[in-house]
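Undergrad: To start, I am sharing the structure in question, which I have written as structure tokens.
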Amino acid sequence: MSVIWKDGRFADGTAAQVFHNDGGFSNGLAVFDSMLAKDGVLIDPMAHYNRLIHDAWVVLGIGESWIPVFSQMTEAWLPLLSQNQLMKGYARVKTVVTGGIADRPLGVSEMPSVIVSVGQSGTPEELPPLKCAVVKDFPRIAGCVLENCKRTDYTRSFAARRVAAEYGADDAIITNTNGFIACGSTSNIFIEERGVLITPPLVDGVLAGITRANILQERNAKEGHISEERLRAADKIYLTNSFWGLRPVILLP
């Protein structure tokens with residue numbers, strides 16, 4: 001049986017757990033986090049925890065009164081891996097905070113919901129390079145702080161990846177409303193110029209990724225606007241997230 005954690009208790013992951021009028025389901029009012037675990041060890045758990053709290057506040061207005069619930073959530077991560085027999089190899093830990101049930105459409109709920117699930121994940125070292133196409137049809141919004149948060153609304157990424165597939169690509173590289181390169185459909189982007197890694201700044205409407213932050217700090221990477229011309233002229237291109245590290249990109253014409 002698949003086991004999840006919801007609002008302070010372990011539950012059957014094969015049974016329905018979200019009400020039809022939960023804002024996360026009915027209006028897309030939810031944030032989430034995906035974290036890698038290896039052999040039962042969580043990778044950067046506090047960074048993921050802190051970002052989730054930040055995003056829940058910015059997107060949903062969930063304040064400090066819900067910090068105890070989030071603390072219980074962190075205590076559920078490792079037991080969930082154990083109960084789902086995922087203490088060996090790579091696993092994905094996904095935490096979703098929904099808007100809960102409000103008394104009116106787009107109302108602020110007094111009872112948000114927190115759901116944690118786990119599943120098997122691929123081996124990062126065995127992932128091949130990604131073939132990518134630049135897609136301009138569904139741009140990220142430059143200057144919008146919501147774009148820096150990990151929201152469950154992935155409609156633009158979903159649409160962009162479908163367009164990229166028509167060109168024979170594995171993934172889309174998405175632009176923003178100013179015409180600069182923003183990100184991949186589920187990842188941040190870096191280019192390499194003369195040995196220096198460069199990634200778009202947050203103001204370009206990109207997710208504040210955990211791996212992105214680590215690379216900026218540990219690899220002395222830089223932030224800078226990336227035009228499509230600069231992207232195509234780069235020595236190397238990478239997409240990054242918590243499950244890939246730096247994954248090479250083959251850019252399609």
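The values are calculated or read from the model by the stated rules, or taken from the named source; none is laboratory data. None of these values were measured; they are calculated from a predicted model. When we count neighbours, we look across all protein chains shown, and the Cβ atoms used for this are built from the backbone with ideal geometry, even at glycine.
Undergrad: Let me confirm something: among Asp55, Asp39, Asp44, which residue is under 19 Å from Leu146 (Cα atoms) and not aliphatic (A, V, I, L, M)?
TA: Asp55
Undergrad: Okay, next question. Which of the strands (runs of 3 or more DSSP E) contained wholly in the stretch 135-253 include at least 1 residues that are of a type in the set (Asp, Glu)?
TA: The qualifying strands (runs of 3 or more DSSP E) are 171-176, 188-193.
Undergrad: Quick one: what pairs do we get from the stretch 145-167, first residue assigned by TED's automatic domain parsing to the domain that holds Ala208, second among the hydroxyl-bearing types (Ser, Thr, Tyr), C-beta under 6 Å, 6+ apart or different chains?
TA: Ser157/Ser185; Ala160/Ser185; Arg161/Ser185
Undergrad: OK, next. Search the stretch 203-215 for residues that are of a type in the set (Val, Ile, Thr) and pair each with any residue that is surrounded by fewer than 22 Cβ atoms within 10 Å (Cβ to Cβ) and part of a loop (DSSP other than H, G, I, E, B) when their beta-carbon atoms are under 6 Å apart and the residues are at least 6 apart or on different chains.
TA: These pairs meet every condition: Val203/Gly143; Ile210/Asp44; Ile215/Ala221.
Undergrad: Where in the stretch 1-113 are there helices (runs of 4 or more DSSP H), lying fully within it, with 2 or more residues that are in contact with a helix residue (DSSP H, G or I) (Cβ under 7 Å, 6 or more places away or on another chain) and farther than 19 Å from Thr186 by Cα?
TA: 45-60, 67-83
Yes/no matrix, rows are residues, columns are (1) under 16 Å from the mean Cα position of the chain (by Cα); (2) at pLDDT 95 or above; (3) buried (at least 16 other Cβ atoms within 10 Å of the Cβ); (4) among the aromatic types (Phe, Trp, Tyr):
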| position | (1), (2), (3), (4) |
| --- | --- |
| Pro79 | no, no, no, no |
| Gly100 | no, no, yes, no |
| Arg104 | no, no, no, no |
| Glu126 | no, no, no, no |
| Pro129 | no, yes, no, no |
| Val135 | no, yes, yes, no |
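Undergrad: List the pairs whose first member sits in the stretch 11-32 and is more than 12 Å from Thr98 (Cβ to Cβ), whose second member is of a type outside the set (Ser, Thr, Tyr) and assigned to a loop (DSSP other than H, G, I, E, B), and whose Cβ atoms are under 7 Å apart, counting only residues at least 6 apart or on separate chains?
TA: What qualifies is Ala11/Gln17; Asp12/Met1; Thr14/Met1.
Undergrad: Restricting to the stretch 19-53, name every residue that is under 21 Å from the mean Cα position of the chain (by Cα) and at pLDDT below 90.
TA: Gly23, Gly24, Phe25, Ser26, Asn27, Gly28
Undergrad: Which one of these is in contact (Cβ under 8 Å) with a residue 40 or more places away in the chain, crowded, with 16+ Cβ neighbours inside 10 Å and over 27 Å from Ile215 (Cβ atoms): Ile62, Ile43?
TA: Ile62 is the lone residue from the list that is in contact (Cβ under 8 Å) with a residue 40 or more places away in the chain, crowded, with 16+ Cβ neighbours inside 10 Å and over 27 Å from Ile215 (Cβ atoms).
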